[in-house]
Structure formats: structure tokens, C-alpha cells
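Accompanying notes for the structure given below.
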Amino acid sequence: MSPQRSARGRALGGRIAAVLLKKKTIRDIDVANKRVFVRADFNVPQDDSGRITDDRRITESLPTLRALLDSGAKVILASHLGRPKGFDKRWTLQPVADRLSQLLDRNVPLAPDCVGERVELMVNNLQSGEAILLENVRFHDEETSNDQSFAKALANLADIYVNDAFGTAHRAHASTEGIAHFIPGVAGLLMEKEIEFLGNALENPKRPFVAILGGTKVKDKIGVIENLLPKVDKLLIGGGMMFTFYKAMDCEIGKSLLDEDSIDFAERVLANEKLIVPIDVVVADKVEAGASTYTVDWDLIPSDGIGLDIGPKAAIEFSQIIQSAETIVWNGPMGVFEIPEFSHGTKEIARAMAESNGTTIVGGGDTAAAVEKFGFADKMSHVSTGGGASLEFMEGKLLPGIAVLQDLE
């Protein structure tokens, strides 16, 4: 990476984070007797019977919803669920409506659609302090294509738009970006929380500032690495990515995951002393529970072995670095944590963060699932609800679902 490119990326990332930190929220507006369209992220996992198996995204939205309802707003909730092809009742939001009714201790009916005369009638009958949930916005292709007519139809239901769906803020869809071109848009309290934790970590972190990146392919994290390296004091690499870095050092990686197109990039950034790769690796002959495992130093992976987790010495080293940090951001597991034999590294990083006295921020997606699985989620300063969105935020990208909201004056 050239010095010019690095400086430009650092400046751009700083300006973008500063912009995102200066958005209006529901604290800045009067919502009494107003129709308020709230875009939430209720894309929650369900089992085959339609039972919600993890409602964290729903519970995280409750502070915003309660604040609006207690202030006398008429709340119109919207979300997507999955990637349906047209109207497919397997992707209905009825289970979400049922769960919301329980959590809010009031009836939250599900509308038959998200636009149309029947929906308009339900909205017109709303009283102050009441809420309805629109049916899955992705039942309409116009949602993901950000069709302006569809966005306007959504906007016509309300007086004010509130985006509380950080997990979809990186998507310029009709209900996340298009709608705010027709009615004034502000951030919800969850969105505010996400922006403040991630934005302050990138803009003004308490030091030492440590970032931990795992996951599978280096190419998915190139933008994040380029944006973070100038900002952090240490950048720890784990997960499937580490084998591409080993390969860049001309080491044998056996049958481990390799992102061949990113070897040159890995070789370049390895010259930066802030970047640290694991010193040992857990290896097996197959990726499944019950596999026989053994640990080797990073440069001694056998040709027939598969590296599947950071080793115990690396876990100790990483944990010590985490313990000495004041700000820690983590995105991406250290190994195949879903399988017990390859979960130790991820669990130990989660434990170290839970025991840290610093500010600990966990990216969404698999990392959030891991800290939840190991029982450390409530020990973190912040667990993001957005996987892809948190990654793009850390890349220094201007997320369209936030950029379109009104600025503080």
C-alpha cells in the first residue's frame, strides 16, 4: 500500500466516521400524534416450525419502540426476513409480530402487506401509542431495487422516518434509503448506539487500540485492514485468513483454506509491525466433530493437514494483548467455532474480551453468534447487530441508510 493511498484512506475514513456521528435521532424530534415509520431489523433465525430461535435483534429495538410509543407516536414497523421470491408465507413476519406483542405488552398486529389500501386503512386507524408491523418488505422486488415509486408508497404511510436497522444500513433499499427522500429521516436509539460505539472506536479510541480480524477470506477484509492499520496499535489476524498470510511467508499450509488472489496483498501488509499472525495452529485431517487434532507451530503445518483454529500459544498471546488494550474491536471468529474441537481459540478471545477493563466491541454475524454461544455477550461493551454493515463501517464506507438521515444543525 503506497503512503499516498494510506494517508488518503485514513483521511477519508475519518471524515466519513465524523459525518455518521452527526445525525439526528428520535431525541431531536417531536413524535406526539405523528405517524412514524420505523425500519427495524427483524431478520431473526427461526426453526422449521416458525419459532424464533434468537430474538436479540427484536429485543435490541425495544428502547426505540418504547420511547416512541410512550411519546404518543403512531408506530408503523417494517422489516425484511430472509430472501423470499415474491409472496412466500414461509417468510412471513407473523412470528415477529407475536413476539413483539409479548415484549411490548400490547397488541402489535401484522398487516397483510406493506403497501396498498388495506395497509393504509390500518395505518389510518392507528391511535397514539399504538403500533402495527408491516408484512415482509422483500415480498416486493421493488424493495431491493430501491424503486422510487415503491419508496414513495412506503413514505405516504407516515410523517417521519426512523432507521433503527443498522444491520441493513449498508444497503440502499427502498425502506432503508429511498423512503428518506420523501419524508424526514432520523436515527433510532439502536442505530445511534451502533454509530457511537463503532464511530468513536475508529475516530477517537482510547489507546492502546487493538483490532482482531478473523473469518475465511482475506479479500473480504482488505478494505477493513487498509482502513484499520493506520488507526490501531495492534491488528491480530486469525481464522481462515491466517493461512493466506502464512503462504505469503512461503510456508506450507497443507489443505488449509487459501485465498490465492490475496497473497500479494498479505505479503505487503506483513511488513507492517502492527500486524500479528498466530504463532501456532490447531490441525486435523477432517473438518468434523470428533476429528483427531494436534497443535503445531505456524511454520510446521504438514502437507496433509488442515488448519482449523489458532493454537493455545496464540490464544495466550492474543489474550495478553487484549488485556492490555483500552479499546478492542473484533470481527470474525478465530476458527471453526461451531465444532467443539476447533472452538478453543474463539472462546479464549471472547473470554479475554469479557475480562477486559477496556471498551469491547464485537462485530455482528458469526462473531456475535460466537460470544452468545460461549455466554460472554452480556460482558461486552457492545455487540453489533450488523455483520456486513459493521464491516463496511470499519472499512470507512459511507453507509447509505445512515447518510440519508438528517444532520444535526
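The values are calculated or read from the model by the stated rules, or taken from the named source; none is laboratory data. Just so we're clear, the structure is a prediction, and the values are computed from it rather than from any experiment. Neighbour counts run over all protein chains shown; Cβ positions are idealised from the backbone, glycine included.
Numbers for the structure displayed
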item: Per-region count, the stretch 125-153, residues more than 28 Å from the chain's Cα centre (by Cα) and in contact (Cβ under 8 Å) with a residue 60 or more places away in the chain; result: 4
item: Single match in Gly305, Gly401 (criterion: under 30 Å from Lys24 (Cα atoms) and small (Gly, Ala, Ser)); result: Gly401
item: Residues (within 18 Å of Leu398 (Cβ to Cβ) and either basic (Lys, Arg) or surrounded by fewer than 18 Cβ atoms within 10 Å (Cβ to Cβ) (or both)) located in the stretch 223-250; result: Gly223, Lys231
item: Hey, Gly215 within 15 Å of the chain's Cα centre (by Cα), touching a residue at least 12 places away in the same chain (Cβ under 8 Å) and assigned by TED's automatic domain parsing to the domain that holds Ala368 or not; result: yes
item: Members of the stretch 338-354 that are more than 14 Å from Asp309 (Cβ to Cβ) and in contact with a helix residue (DSSP H, G or I) (Cβ under 7 Å, 6 or more places away or on another chain); result: Ala352, Met353, Ala354
item: Glu135 being buried (at least 19 other Cβ atoms within 10 Å of the Cβ) and either not assigned by TED's automatic domain parsing to the domain that holds Phe166 or not in a loop (DSSP other than H, G, I, E, B) (or both); result: no
item: Residue in the stretch 365-382 that is among the polar types (S, T, N, Q), in contact (Cβ under 8 Å) with a residue 60 or more places away in the chain and surrounded by fewer than 23 Cβ atoms within 10 Å (Cβ to Cβ) present; result: yes
item: Any hit, the stretch 307-315, residues being of a type in the set (Asp, Glu), in the same structural domain as Gly214 (by TED's automatic domain parsing) and part of a loop (DSSP other than H, G, I, E, B); result: no
item: The stretch 93-121, residues that are over 18 Å from Asp70 (Cα atoms) and either crowded, with 18+ Cβ neighbours inside 10 Å or not assigned by TED's automatic domain parsing to the domain that holds Gln46 (or both); result: Leu93, Pro95, Val96, Ala97, Arg99, Leu110, Ala111, Cys114, Val115, Val119
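Here is a yes/no grid of residues against (1) outside the structural domain of Ile349 (by TED's automatic domain parsing); (2) within 16 Å of Ser303 (Cα to Cα); (3) part of a helix (DSSP H, G or I):
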residue	(1), (2), (3)
Val232	no, no, no
Met241	no, no, yes
Phe245	no, no, yes
Ile253	no, yes, no
Leu257	no, yes, no
Asp264	no, no, yes
Arg268	no, no, yes
Ala271	no, no, no
